[in-house]
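The values are calculated or read from the model by the stated rules, or taken from the named source; none is laboratory data. Predicted model only: the values in this text are computed from it and were never measured. Here the Cβ positions follow ideal geometry from the backbone for every residue, glycine too, while neighbour counts run over all protein chains shown. Calculation scope for accessible area: heavy atoms of the full protein, side chains included, ligands and nucleic acids excluded. Shrake-Rupley method; radii C 1.70, N 1.55, O 1.52, S 1.80 Å.
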Amino acid sequence: MLIDAERIQGRHEYEAEARGEAELRRDRLRSAEQMKGRQKTDDKALGNNASIEQPGSTPENAQSRPKQNYTRSPAEENESALGGSSIETERGGNAAARAGVERAQGHMVEEDEATLRSSTGPRPVSVAAIPGAQPDKNASAFTEAQHIHGHLAQEGEAKLRLGGAAEPEIETGLAASDAETDPKKNKKVFVAADRLQGHSGKEIEAIGRAELSNGDQFISAERMKYHQDTDDAEAEGSVRVEQHGDILEGSKLKFNLASKTGQLSQPNYRLKDASSRGYAETLLFEGENHYRLQKATYTTCPAGDNDWFLQVTDLKLDNETKKGTAKMVKLTFLDVPILYTPWMNFSYSGQRKSGLLAPLYGYNARTGVDVTVPFYWNIAPNYDATLSARLMSRRGVSFNNEFRYMDERSSGTLLGDILPNDLVTGHTRWRTSFFDNRYLGNGVSTRLDYNRVSDDFYFRDLGNNLNLTSRTNLLQQGLVSYNRALGDDGTLNVSTLVQSFQTIQDPRAPITPPYKRLPQFTLAANKPDILGADVNLIGSWTNFSHPTMINGTRLMLFPSVSYPLRNSYGYITPKVGVHHTRYYLDASAPDENPTRTLPVLSLDSGIAFDREIELRGERFTQTIEPRLFYVYVPFRDQSHLPNFDSARTDFGFAQMFTENRFSGSDRINDANQVTMALTTRLIEPGSGRERLRVAVGQQISFIDRRINIDAPGTISRRPDFVAAVTGFITPTISTDSSLQYDQTRYMVDVIRSGLSYRPEPGRVLNVGYRFTRDVLHQVDASGQWRWSQNWQSVARLNYSLQDKRILEGLAGLEYNACCWSLRFVLQHLVTATSKSTTAAFLQLELNGLMQIGSNPLTVLQRSIPGYTRIGSQGSSPSDQRDH
């Protein structure tokens, strides 16, 4: 069994917040500014520093001790041909020692350079080694330094202080390598310890609280040896390695600073980017940012918490691509082994990669036990594919495929699903979907949509969310569009459209398929400020086709001119237009060439007032915006005209200010009406954000309207009252509600109401009510509530009061630990007039590794407005999509 846990970018991915390097280090780095401050303090006290205590010496002879000499490094001798003398210090009577000090002129403490430090106290001795320097054959080879106090770092140099006396003339640096000496070894290496000994230019042995740093790595141990000629470092006893934010601790280390290769025994490791940790028998350094662990564990749980972990015989971690590859894997969750696999590949970042994704498990009443095994193919940075095998106990095995692409001028998706032999129906069932959006340059763009399924029951039998099961018309269209500017402020759009639909029929509630457009040509032009007037032209020619209804073509032209008059506090915009329509119908129509020409007159006006107010301790800018809109369209009998694409629009506050209450071009309403509205808004003065909007409107018709969609008749001249409230009532309670009231019959015609309470992320309650007289009557309630640090519940109920049935019900429970989450969701939804289905989702998410089970997140985010993902820390390797 091969498993690959991957993070797919885009909507599939939930990013993790990686810890900063400062959080992972035990000891705080010293910045250059800090070290300069410390240097100044020590310089002031330089004269008061105690001298080196030498056995056998007395205070009296301290004044007459011989002058100390300073020896330059062999690297400087090669550059300046300067010779060096030695320092002789008595030890235990007549023991002599030579101390060679290497020079680094102009060494700056750079921002990213690791500074030597100790976690247990001040460093009594420090020396720096030069990896690229060659030893002086004429000088003594043995060097030992002991009880040297006052290691300081300063911008431009780091001076060595002996007995409180600084070098009088020559500034002796602690260490630096000259890049010209050896281009392959151009990193400065610093070594510090309680005691240093070794051979100059060859090796340095550091004993007691030893530290080594070269800017990329910081190594500390009880004992360390550094070979200058080979750039090898050996350490043992409480070994600690820090590099690029990763922390590695073990018992014994062998490491080459140049090749970044080596070995660490009995390591414990913590990775910065993955926030992961573990231990191993052996850790192998296999080059820059490459680790290999043998007999290791891996987890993203914090220290002291082993709720889940991987046990592997071989684990490779690539810190460049942020990918891990493991062999002979056992996954343990809450001390119970739940998965064995000979190979696993996973990503601990947002980068994509090819491989098997974690399987998806679920249950559906129509499919039975449902298991999907996806394979992700990262073809290129802008191309990828997901190939899945879906095993359904009641239906058989289907193959689901998705291909995605994107570049600077195009994007698209291709889906192809096939069930070769449905065990229930005995037929092959399939689905295909293709979307392409492309810009060709010079204002030309194209769009292609194609969707088709094998039968009307495909989504009802095999779909697992309401978005799929409620689909009725599958779009199939191609569009070519050309856009350009007309002068400095005008626009021109010309487009060609070919459009048809596959209508998914419900046998108990059949619907009429829409017309096909084969093809449609559209022209839209706008040119403002022609002698102060705005000129618009909308035109189209469409060939409509239908298998059972009247076919024909329609020519529509709608030129209009408006003359806006504006100032700082208001506007008045008169507008006049002519709507002309001509038909060319087939022989079955009573009138083969009907026409209709209608003038359309409107007048729109508004004023805006504002003032500063204070509510509940907050300051706002309140606006008062009255608006008056008048429209006049004379009556023309349209009962003899075909209806290719017109329908009645949903009434709302915005629809009150339109000239035609019908969509499309086949029906133009008769109107002689005025709409009066008053809007007030609360605006935050600092950000300009609109906090709350309240609007009321009154529409009064001066005639009985006679144009209708369904059948000839008269609509009485009733005044309609509309009110709307949108925004935040309090900082945690928001609403989006509107109401339409018939003042003649004293009846409410339309209600759209929604109320949401969101005190904090993870806690949201939504209540909704929808009513349209003689059409629908529904209530909707949903919520997510985190009632403890770990536990939260989710629920949704959409109930039809008109049909007295549940349209969608959902209930679930979620547990979020520090490094894993468990979700269980049960969903019931209506798939047709007399059919419904129930689905169960159970998912275990291991942060930074994989998701096991079926993914309910898409269902939760769609069903519960304001749902927030809690506890996962963006660790999902892939957000599995429902096809």
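Side notes on the structure shown:
- Surface analysis of the range 648-698 yields an accessible area of 42 Å² per residue, using protein heavy atoms and a 1.4 Å probe.
- Sulfur and carbon atoms: percent of accessible area, the range 405-445 [1.4 Å]: 57
- Across Y376, Y584, the residue with the most accessible area heads the list, and the full order at a 1.4 Å probe is Y584, Y376.
- Using a probe radius of 1.4 angstrom, the carbon and sulfur fraction of the accessible surface of the range 478-548 is 61%.
- The range 213-260 - percent of accessible surface contributed by carbon and sulfur, probe 1.4 Å: 42
- The range 259-408: C-alpha gyration tensor shape, a/c 1.5 cut-off, then a/b vs b/c: oblate
- Using a cut-off of 18 Å between Cα atoms, the listed pairs K316/K353; K188/K225; K272/K353; K804/K835; K188/K260; K252/K272 include K272/K353; K252/K272 as exceeding that distance.
- Cβ-based charge dipole, the range 789-853, positive-most Cα from L801, S836, C819: L801
- Heavy-atom SASA rank of W308, W541 (probe 1.4 Å, accessible area, largest first): W541, W308
- Solvent accessible area, Å² - R661, 1.4 Å probe, full protein context: 20
- Relative contact order of the range 248-388, pairs being alpha-carbon contacts under 8 Å that are 6 or more residues apart, as %: 12
- Largest-first ordering by accessible area, 1.4 Å probe, given options T325, T581: T325, T581
- Summing Cβ point charges (Lys, Arg +1; Asp, Glu -1) relative to the Cα centre of the range 491-645 gives a dipole of roughly 160 debye.
- When the chymotrypsin sites (Phe, Trp or Tyr not before Pro) in the range 758-790 are filtered for DSSP coil states and for at most 12 other beta-carbon atoms within 10 Å of their beta-carbon, the remaining sites are W787.
- Tail beyond 18 Å, pair distance distribution of the range 229-324 (Cα, percent): 41
- Rounded to the nearest 0.05, the FRET efficiency derived from the C-beta distance between H427 and L475 at R0 = 22 Å is 0.35.
- Of the residues A781, T726, Q792, the one whose Cα sits farthest toward the positive end of the charge dipole of the range 687-799, with +1 on the Cβ of Lys and Arg and -1 on the Cβ of Asp and Glu, is Q792.
- Within the range 489-603, the percentage of alpha carbon pairs spaced more than 21 angstrom apart rounds to 56%.
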